[in-house]
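Engineer: Below is one structure. I have some questions about it.
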Amino acid sequence: MNDDLEANLHLPQDHPFSLLKKSFSDNPSIRSETETALKAVLERLNPSERGTRFLTGGAYEWVLAVACWVAGLKTIPGGHSQNGTDLLMYRESLKELWSVKSFTTPKLSGDIRIINKMSGGEVSFDHPTIFVSPALPGIVYFDPKLAPNFASRSKQDDEKLTIDGKLITKYAEMNPDCVLPFNAPLNPGSGTASPQLEIVNNILTSGTYPSLGPVMTQMNKISTTVTFLKSQFENGKIDEKTFQELLSNLEDD
């Protein structure tokens, strides 16, 4: 039954989400820059790749933290070791603000992970969360304490607590005051950046590693080309024979 689900919730004008929403409305350039920045993140990082999924989420948190800061909400990301809440209020003893759940696919459906369990036992879905997804009408603020009936439909097992993505869409439709109009970007799937590689490359090519540095430069070039060739092969733009020939010629360049 949907009759018991909370509708037409209203947030006070001085609520942090209301302040962020007003900032985006009063200064359209802030919203535009935030949308563009998240799109730029996906042009570099591909969250479909397991190794960059957490990095993408972290990048989203930083962009949103900067947007909050511009809106007068002095926040910093808590980092992945932070349990529950991702953004912390900087000037209030790191008071918890809200968690950030970001998605980059065209649909928000099925069970979406809210909490990763660090150990066995029950966990509670009790911390405010903002959802960022191209499938939503904007950034959605969800506080389980304000919408306990929605929150009660979450599920948990030994590893995680989840909620059906369709419920978040329904919540947004039923509570427009908790939605900040925003166009979240889709993942184009073309991001190839490897932050780990960039870090190591910066270290080894700094001039203090005469043996490792030149090899790092060569390997960096090869890695970039291999990633491109692999994409071309997987997309059917080159056949396997050409792919293998190009790979074998890389070290001769």
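Engineer: Answer yes or no as to whether Phe150 is closer than 20 Å to Gly57 by Cβ, among the aromatic types (Phe, Trp, Tyr) and touching a strand residue (DSSP E or B) at 6+ places or on another chain (Cβ under 8 Å). Please lay out each step first, then the result.
Structural biologist: Details: closer than 20 Å to Gly57 by Cβ: no; among the aromatic types (Phe, Trp, Tyr): yes; touching a strand residue (DSSP E or B) at 6+ places or on another chain (Cβ under 8 Å): yes.
No; evaluated as a whole, the condition is false for this residue.
Engineer: Next question. Take Ser109 and decide whether it is modelled with pLDDT of 90 or more and not charged (D, E, K, R). Working first, answer last.
Structural biologist: Working: modelled with pLDDT of 90 or more: no; not charged (D, E, K, R): yes.
Spelling it out, it is not the case that Ser109 is modelled with pLDDT of 90 or more and not charged (D, E, K, R).
Engineer: Just checking, does segment 231-252 include any residue being among the polar types (S, T, N, Q), surrounded by fewer than 13 Cβ atoms within 10 Å (Cβ to Cβ) and at pLDDT 85 or above?
Structural biologist: no
Engineer: Also, I was wondering about something else. What residue, among those in segment 21-38 that are of a type outside the set (Gly, Ala, Ser) and within 19 Å of Val140 (Cβ to Cβ), is nearest to the chain's Cα centre (by Cα)? Don't jump to the end; show me each part of the working.
Structural biologist: Filtering segment 21-38 down to residues of a type outside the set (Gly, Ala, Ser) leaves 21-22, 24, 26-28, 30-31, 33-36, 38.
Cutting the leftovers down to within 19 Å of Val140 (Cβ to Cβ) gives us 21-22, 24, 30-31, 34-35, 38.
On the way: Lys21: 19, Lys22: 23, Phe24: 19, Ile30: 18, Arg31: 17, Thr34: 13, Glu35: 13, Leu38: 9 Å.
The qualifying residue nearest to the chain's Cα centre (by Cα) is Leu38.
Engineer: Can you confirm whether Lys237 is at negative phi, basic (Lys, Arg) and part of a loop (DSSP other than H, G, I, E, B)? So that I can check it myself, show each step before the final result.
Structural biologist: Numbers: at negative phi: yes; basic (Lys, Arg): yes; part of a loop (DSSP other than H, G, I, E, B): yes.
In short, yes.
Engineer: Could we say that Gly165 is surrounded by 14 or more Cβ atoms within 10 Å (Cβ to Cβ), in contact with a Pro (Cβ under 6 Å, 6 or more places away or on another chain) and not assigned by TED's automatic domain parsing to the domain that holds Leu247 here? Spell out the reasoning first.
Structural biologist: Numbers: surrounded by 14 or more Cβ atoms within 10 Å (Cβ to Cβ): yes; in contact with a Pro (Cβ under 6 Å, 6 or more places away or on another chain): no; not assigned by TED's automatic domain parsing to the domain that holds Leu247: yes.
For Gly165, the condition - surrounded by 14 or more Cβ atoms within 10 Å (Cβ to Cβ), in contact with a Pro (Cβ under 6 Å, 6 or more places away or on another chain) and not assigned by TED's automatic domain parsing to the domain that holds Leu247 - is not met.
Engineer: Moving to a separate point now. Of all residues in segment 136-147, count the ones that are in contact with a strand residue (DSSP E or B) (Cβ under 9 Å, 6 or more places away or on another chain) and either farther than 23 Å from Pro106 by Cβ or assigned to a helix (DSSP H, G or I) (or both). Give the derivation first.
Structural biologist: Initial filter on segment 136-147 (in contact with a strand residue (DSSP E or B) (Cβ under 9 Å, 6 or more places away or on another chain)): 136-144.
Next, from what is left, pick out any that are either farther than 23 Å from Pro106 by Cβ or assigned to a helix (DSSP H, G or I) (or both): 143-144.
Qualifying residue count, segment 136-147: 2.
Engineer: Ala65 versus (1) crowded, with 17+ Cβ neighbours inside 10 Å; (2) modelled with pLDDT of 90 or more; (3) within 29 Å of Thr162 (Cβ to Cβ): which is the lone unmet condition?
Structural biologist: Of everything listed in (1) crowded, with 17+ Cβ neighbours inside 10 Å; (2) modelled with pLDDT of 90 or more; (3) within 29 Å of Thr162 (Cβ to Cβ), Ala65 misses just condition (2).
Engineer: Continuing with this model, one more query. Among the residues of segment 179-199, write down those that are in a helix (DSSP H, G or I) and out of contact with any helix residue (DSSP H, G or I) (no Cβ under 7 Å at 6 or more places or on another chain).
Structural biologist: So the first thing to find is which residues in segment 179-199 are in a helix (DSSP H, G or I), and the list is 195-199.
Listed by number, the residues that qualify are Gln196, Glu198, Ile199.
Yes or no, residue by residue, for (1) within 22 Å of the chain's Cα centre (by Cα); (2) touching a residue at least 60 places away in the same chain (Cβ under 8 Å):
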position	(1), (2)
Phe150	no, yes
Arg153	no, no
Asp158	no, no
Lys166	yes, no
Tyr171	yes, yes
Pro188	yes, yes
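Engineer: In this structure, is Ser223 without any contact (Cβ under 8 Å) to a residue 40 or more places away in the chain, farther than 30 Å from Ser25 by Cβ and out of contact with any strand residue (DSSP E or B) (no Cβ under 8 Å at 6 or more places or on another chain)?
Structural biologist: When the stated conditions are applied, Ser223 passes them.
Engineer: State which residue is surrounded by the fewest Cβ atoms within 10 Å (Cβ to Cβ) when the search covers only segment 143-152 and only residues that are out of contact with any helix residue (DSSP H, G or I) (no Cβ under 6 Å at 6 or more places or on another chain) and of a type outside the set (Asp, Glu). Outline the logic, then answer.
Structural biologist: Filtering segment 143-152 down to residues out of contact with any helix residue (DSSP H, G or I) (no Cβ under 6 Å at 6 or more places or on another chain) leaves 143, 145-149, 151-152.
With the extra rule that they be of a type outside the set (Asp, Glu), the set shrinks to 145-149, 151-152.
Numbers: Lys145: 10, Leu146: 16, Ala147: 19, Pro148: 13, Asn149: 13, Ala151: 21, Ser152: 12.
Filtering first and then ranking leaves Lys145.
Engineer: So Ser206 passes all but one of these: (1) out of contact with any helix residue (DSSP H, G or I) (no Cβ under 6 Å at 6 or more places or on another chain); (2) surrounded by 14 or more Cβ atoms within 10 Å (Cβ to Cβ); (3) in a loop (DSSP other than H, G, I, E, B); (4) small (Gly, Ala, Ser). Which condition number does it fail?
Structural biologist: Status for Ser206: all satisfied but (2).
Engineer: Ok, one more. Does Leu38 qualify as being of a type in the set (A, V, I, L, M), in contact with a Leu (Cβ under 6 Å, 6 or more places away or on another chain) and either assigned to a helix (DSSP H, G or I) or not assigned by TED's automatic domain parsing to the domain that holds Pro148 (or both)? Walk me through it before giving the result.
Structural biologist: Values: of a type in the set (A, V, I, L, M): yes; in contact with a Leu (Cβ under 6 Å, 6 or more places away or on another chain): no; either assigned to a helix (DSSP H, G or I) or not assigned by TED's automatic domain parsing to the domain that holds Pro148 (or both): yes.
Here the answer is no, as Leu38 does not meet what is asked.
The values are calculated or read from the model by the stated rules, or taken from the named source; none is laboratory data. This one's a predicted model, so the numbers in the text were calculated from it and none came from an experiment. Using ideal geometry, Cβ is built from the backbone for each residue, glycine included, and neighbour counts are taken over all protein chains shown.
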